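Participant: One structure, pasted below without further comment.
The values are calculated or read from the model by the stated rules, or taken from the named source; none is laboratory data. Values in this document were obtained by computation on a predicted structure and should not be read as measured data. Note that each Cβ is placed from the backbone with ideal geometry, even for glycine, and that neighbours are counted across all protein chains shown. When the accessible area is computed, the model is the full protein with side chains, heavy atoms only, and any ligands, DNA or RNA have been set aside. Shrake-Rupley method; radii C 1.70, N 1.55, O 1.52, S 1.80 Å.
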Amino acid sequence: MANDLNPVDVFNAVLRQDLSSFIQRVFATVDPSSAYQHNWHIDAIAHQLERIERGEITRLIITMPPRSLKSIAASVAFPAWLLGRNPRKRVLAVSYAEGLSEKLAMDCLKVLDSPWYKECFPATRIERGRAARNDFETSKGGGRFSTSVGGTLTGRGGDIILIDDPHKPEDMNSEVKRNAVLDWYRSTLLSRLNDPGNDPIVLIQQRVHEADGSVRAKSLEAGRAVL
């Protein structure tokens, strides 16, 4: 009977299936001192990221102002949710600076190490001795590796690439520095997909210049969405 359902089991089932609800739960873990304020754009981000997970699209651009929860949604909650649903998934995450890259990785690791996450996804556990902030691995061989733009990726591959703020805002008026990021993306990062024909890339950023990375990304092959 419906009244015999365990509320915790129902809640965990919702978190496993609904990314928007999962994002809200993640926010309470990584920013417990702030009040979560839901808005329709969180549902829109979650919807498109769920399409990425299902393979319906392979390219997604999320461009929103700062403080819109886009990084928590796409670079923290989404990889944690992916690894919960498939602990063999390998996520490659990139940001313009090592400090930002490590902060996002640390927040994601904090989620995976939380009691509620372990209860929700009991099959996903961090491999002992493989819990570095920028390179953690699950016991099933998946994980999240993060680096900065221009960083080394030798021997690294991913089933999905997350690019969160590839451009340093103060460098955006320099054509040389903008092109350096775009050239690294084209010459190095793109080759790191395990299945280039089917694996997805998600770009998360604020628009700070008309010739930023989103322009290059929009010229890629079909199978994309823009927020």
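Participant: Just need a number here: residues in region 56-68 that are open to solvent by less than 50 Å² (accessible area, probe 1.4 Å) and touching a Lys or Arg at 6+ places or on another chain (Cβ under 9 Å).
Facilitator: Count: 8.
Participant: What do you reckon, is THR29 over 30 Å from LEU190 (Cα atoms), of a type in the set (S, T, N, Q) and within 17 Å of the chain's Cα centre (by Cα)?
Facilitator: yes
Participant: Quick check on LYS103: is it of a type outside the set (Asp, Glu), at pLDDT 95 or above and more than 21 Å from PRO200 (Cβ to Cβ)?
Facilitator: no
Participant: May I ask you to list the residues in region 69-91 that are open to solvent by 20 Å² or more (accessible area, probe 1.4 Å) and over 11 Å from the mean Cα position of the chain (by Cα)?
Facilitator: LEU69, ARG85, ASN86, ARG88, LYS89, ARG90
Participant: Ok, one more. Considering ARG156, ARG130, ARG125, which residue is closer than 23 Å to THR58 by Cβ and either among the hydroxyl-bearing types (Ser, Thr, Tyr) or open to solvent by 30 Å² or more (accessible area, probe 1.4 Å) (or both)?
Facilitator: Sole residue among the options that is closer than 23 Å to THR58 by Cβ and either among the hydroxyl-bearing types (Ser, Thr, Tyr) or open to solvent by 30 Å² or more (accessible area, probe 1.4 Å) (or both): ARG156.
Participant: Still on this structure, I have one more. What residue, of THR138, THR147, is more than 14 Å from the chain's Cα centre (by Cα), in contact (Cβ under 8 Å) with a residue 12 or more places away in the chain and surrounded by 20 or more Cβ atoms within 10 Å (Cβ to Cβ)?
Facilitator: THR138
Participant: Pairs only if they're at least six apart or on different chains, beta carbon under 7 angstrom, first in region 36-54 and closer than 16 Å to ARG16 by Cα and among the charged types (D, E, K, R), second modelled with pLDDT of 95 or more and assigned to a helix (DSSP H, G or I); list them, first residue then second.
Facilitator: ASP43/SER20; GLU50/LEU19; GLU53/LEU82
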